[in-house]
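What follows is one structure encoded as structure tokens, with my remarks underneath.
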Amino acid sequence: MKHFRSVWLLIGFILAYTVQLSAQSEFKYSYMPKTVYENQLFPVTIIGIGEKGNSNNQFTFDRSSNIHPIFDEPLIVRNGDDSFYTFYFQAETLDVRIPALHISSETTEETFSSQRIGIKKLKKREDFCHVLAADMKIKNSQVSNYDEKNHIVTLSIEAFEANIEDMYLNNVSESDIESLNREFAKVEAEFYVVLPVEQKSLKFTYFNTIKKQYVFLEVPVVVVDASVVTQSDLNPKEDNFEKLKRYTFMFLFAFFFITFLFKRDFFYLVFAVVSLITLLTFYIPHKKICVNQGASLYILPTQTSTISTKIDQKLDTMLLGEREGFQKVEYKEGIIGWIKNEDLCNN
């Protein structure tokens with residue numbers, strides 16, 4: 001009887017140990033590229049099998065390495081009981097060695113050895129903007145007069161897995177990144193370039209890392225008359241929308257007024273008056289503001305923006321738009337920029 005009881009205790013111990021082992025998480029690399037291109041931003045993903053939503057895992061890369069992930073915390077994606085942890089790295093011109101990784105969880109401690117990733121070179125192109133991305137698009141653009149000989153083109157860019165920080169164009173007098181916001185794979189940036197007034201379009205390529213080929217991007221270089229600009233954001237579509245609203249209310253006023261003349265029904269006259277009043281609001285002059293002499297005219301409404309010029313004398317001008325801490329103004333004919341609120345006249 002004692003032997004029988006001992007056998008059952010042994011079986012129970014083995015079952016309990018097996019259950020404990022099955023409850024432990026198992027980690028392994030889910031995605032590790034074998035090769036990447038020079039300066040490419042790329043993901044490395046670890047899968048946690050049987051995680052069940054555990055959020056107490058700690059990932060520590062060897063701090064003695066000169067290669068580090070862009071973000072200390074990973075992008076986490078849950079799929080059933082499994083979890084995927086993605087870190088982003090950027091390659092340079094030599095082979096990348098992902099540093100050794102130590103993972104600490106509630107049920108296990110694991111250490112992965114460093115991993116080597118080979119580097120491939122791109123074929124050089126004169127129109128290459130030096131950006132490699134899984135996808136890249138120009139959301140909006142704005143063109144203004146920079147000086148008598150040049151335009152300034154500002155691009156609002158959205159990209160994924162992109163080294164936007166490295167963006168610059170060959171054969172231009174000036175270009176730079178004005179602002180940048182990165183959230184894991186997604187990055188948004190404002191980029192400006194100075195072009196000769198005779199240039200009518202801006203063309204360049206980026207390298208698509210999914211298609212493994214160069215992709216063309218193009219924007220027209222057309223200055224919008226500042227006297228009819230009402231938008232405060234970098235969105236040229238808004239001006240066309242303003243024109244559409246004006247034409248719509250012109251049509252409504254004409255329709256209701258003519259209908260009133262024929263039917264003599266004051267109901268139509270009321271609608272005609274309402275349409276006319278609404279139409280007139282589109283032609284109300286912009287608010288005037290005063291700018292102090294010596295104020296800086298910024299390309300974009302950001303604290304780190306490049307200064308395009310200085311206001312040479314006290315200036316009374318139209319207010320074209322507002323952004324937190326900045327006012328959009330026209331300095332000289334066609335030269336548009338942003339003035340800090342602190343540079344406005346006190347009276």
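The values are calculated or read from the model by the stated rules, or taken from the named source; none is laboratory data. Being a predicted model, the structure only gives us computed values, none of them experimental. Here Cβ is always computed from backbone atoms with ideal geometry, including for glycine, and neighbour counts include all displayed protein chains.
What to note about this one:
- Residues in region 198-213 that are out of contact with any Asp or Glu (no Cβ under 8 Å at 6 or more places or on another chain) and surrounded by fewer than 17 Cβ atoms within 10 Å (Cβ to Cβ): Glu198, Gln199, Lys200, Lys211, Lys212, Gln213.
- Near pairs, Cβ below 6 angstrom, 6+ apart or cross-chain, from region 35-48 (farther than 8 Å from Ala91 by Cα) to any residue that is among the polar types (S, T, N, Q) and part of a strand (DSSP E or B): Pro43/Thr86; Thr45/Ser30; Thr45/Thr86; Ile47/Ser30; Gly48/Ser83
- Just one of (1) surrounded by fewer than 16 Cβ atoms within 10 Å (Cβ to Cβ); (2) touching an Asp or Glu at 6+ places or on another chain (Cβ under 7 Å); (3) within 30 Å of Tyr214 (Cβ to Cβ); (4) at pLDDT 90 or above fails for Thr93. It is (4).
- Number of positions in region 145-188 that are among the aromatic types (Phe, Trp, Tyr), under 30 Å from Val77 (Cα atoms) and more than 12 Å from the chain's Cα centre (by Cα): 0
- Residues of region 331-347 satisfying the condition of being surrounded by fewer than 21 Cβ atoms within 10 Å (Cβ to Cβ), in a strand (DSSP E or B) and either in contact with a helix residue (DSSP H, G or I) (Cβ under 7 Å, 6 or more places away or on another chain) or of a type in the set (A, V, I, L, M, F, W, C) (or both): Ile335, Leu344
- Extreme residue, surrounded by the fewest Cβ atoms within 10 Å (Cβ to Cβ), among residues of region 46-80 that are in contact with a Leu (Cβ under 9 Å, 6 or more places away or on another chain) and in a strand (DSSP E or B): Thr60
- Evaluation of Gln313 against (1) over 25 Å from Ser179 (Cβ atoms); (2) at pLDDT 80 or above; (3) surrounded by 15 or more Cβ atoms within 10 Å (Cβ to Cβ) (one fails), failing number: (3)
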